[in-house]
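This report refers to the structure that appears directly beneath it.
The values are calculated or read from the model by the stated rules, or taken from the named source; none is laboratory data. This one's a predicted model, so the numbers in the text were calculated from it and none came from an experiment. Here the Cβ positions follow ideal geometry from the backbone for every residue, glycine too, while neighbour counts run over all protein chains shown. When the accessible area is computed, the model is the full protein with side chains, heavy atoms only, and any ligands, DNA or RNA have been set aside. Shrake-Rupley method; radii C 1.70, N 1.55, O 1.52, S 1.80 Å.
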Amino acid sequence: MQLANNSITLNKTEKHIAQPIALNPHIRRFFDYFQLESGFSYLENPTRSIDVYRLRHKVYCEALGFEPVNAEEQEQDEFDLRSDYISIAHSVSNNIVGCTRIINCYEDSDYLPVELLSCQKLYEGALHPRNFSRHEVCEISRLTVDKAFHPLKRRDFESISVEQATYPYINLYLYLSSLKHAADSGRRHVYLLSEPKLVRSMRMVGLKIEPVGNYIAHKGLRQPCYIDAQYFMDNLPVQFEQMLQRIEQHFPHLLSAKVVNG
């Protein structure tokens, strides 16, 4: 979540004078270049889900080496069977350039990766996953962006195009859409394994994220964290308001509430 090239100034104490991100002209142009799809599963859209797996293979396996390369050129694990996906496609090619997943729990025996990987590292307290119903928890993971669509380095700002100026918002739209989907699905208690710089970046843009465990070594240094998605949506920081309006304006049918009984 790199926003340095957008000159955003946020006031952490007085919401009414914080500058909305959407006042930046680049955010208004985002949907000129990208298409957002939210909340689909493999059963609902196998073709697009396979596109997600292929992008993950390209980044996680080929570029980063986090997982072994395979002949199918698709990166999957056991958690994909109960995941919903958020994807962002480039409008010209229709290729997915960014994605993430929301891992759901349906049975008492369903656990989140953060619980399995960090079982001895999670803090005891009110935000421990076991304190909530399985139907109220989820995890955001596998956030992936094609390297060609990473934000440009500061030295390249003078030659940046209008489209390239929207690249920093890919991550932000993925996270905002994931939290919106989690809240609409009744899974307000959101967990993730986060890099230290992501925690700082989220807090800088007004997203309340709480560490709930000690750091672990998992594809680099990661810390278990918690976000109350419903609280976030009910108290949406002003800098996210117009971004959310844009999402709902373009994709109301994809972000409609999915009521989970349990």
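Overview of results
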{"read-out": "Average accessible surface area per residue within segment 74-157, 1.4 Å rolling probe, Å²", "value": "50 Å²"}
{"read-out": "For segment 75-92, 3J(HN,Hα) per residue [Karplus equation, 6.51 cos²θ - 1.76 cosθ + 1.60, θ = phi - 60°, Hz, x = Gly/Pro]", "value": "9, 9, 8, 5, 6, 5, 5, 10, 10, 10, 10, 10, 9, 10, 10, 6, 5, 5"}
{"read-out": "Extension reserve of the Glu44-Ile160 stretch, reckoned as 0.36 nm per residue once the Cα distance is removed", "value": "38.0 nm"}
{"read-out": "Cα centroid separation, segment 226-251 to segment 122-191 (Å)", "value": "12 Å"}
{"read-out": "Accessible area, probe 1.4 Å, largest first, for residues Lys58, Lys208", "value": "Lys208, Lys58"}
{"read-out": "Estimated FRET transfer efficiency when R0 is 35 angstrom, pair Leu221-Gln249 (beta carbons, to 0.05)", "value": "0.35"}
{"read-out": "Order of exposure, largest accessible area first, which applies to Lys180, Lys153, Lys147 with probe 1.4 Å", "value": "Lys147, Lys153, Lys180"}
{"read-out": "Potential extension, Asn70-Ala148 segment - 0.36 nm per residue separation minus Cα distance", "value": "25.9 nm"}
{"read-out": "Residues whose placed amide H lies under 5 Å from that of Tyr123, excluding near-sequence neighbours", "value": "Gly213, Asn214"}
{"read-out": "For segment 100-257: relative contact order, % (alpha-carbon pairs under 8 angstrom, 6 or more apart)", "value": "25 percent"}
{"read-out": "Segment 167-248 - charge dipole about Cα centre, Lys and Arg +1 at Cβ, Asp and Glu -1, debye rounded to 20", "value": "300 debye"}
{"read-out": "Accessible surface of Leu64 - all protein chains present, 1.4 Å probe, nearest 10 Å²", "value": "100 Å²"}
{"read-out": "Within segment 186-225: Cβ-based charge dipole about Cα centre, in debye rounded to nearest 20 (Lys, Arg +1; Asp, Glu -1)", "value": "100 debye"}
{"read-out": "Equivalent ellipsoid semi-axes - Cα gyration tensor, segment 139-201, angstrom", "value": "28, 13, 9"}
{"read-out": "Amide hydrogen neighbours beyond the local backbone of Gly98, cut-off 5 Å, H modeled", "value": "Ile88, Asp146"}
{"read-out": "HN-Hα J in Hz across segment 95-100 - Karplus 6.51, -1.76, 1.60, θ = phi - 60°, x for Gly and Pro", "value": "7, 6, 10, x, 7, 7"}
{"read-out": "Projected label distance in nm at Leu81 and Glu210, using a 7 Å step from Cα toward the beta-carbon", "value": "3.2 nm"}
{"read-out": "Solvent-accessible surface (1.4 angstrom probe) belonging to Lys197, in square angstrom, nearest 10", "value": "110 Å²"}
{"read-out": "Qualifying aspartates and glutamates (Cα of each under 15 Å from Cα of Lys121; at least 8 residues distant if same chain)", "value": "Glu210"}
{"read-out": "FRET efficiency, Asn131 to Arg29 (Cβ-Cβ, R0 45 Å, nearest 0.05)", "value": "0.60"}
{"read-out": "Cα-centred dipole magnitude for segment 91-209, charges only on beta-carbon of K, R (+1) and D, E (-1), debye, nearest 20", "value": "420 debye"}
{"read-out": "With all protein chains modelled, accessible area of Phe34 [1.4 Å, Å²]", "value": "0 Å²"}
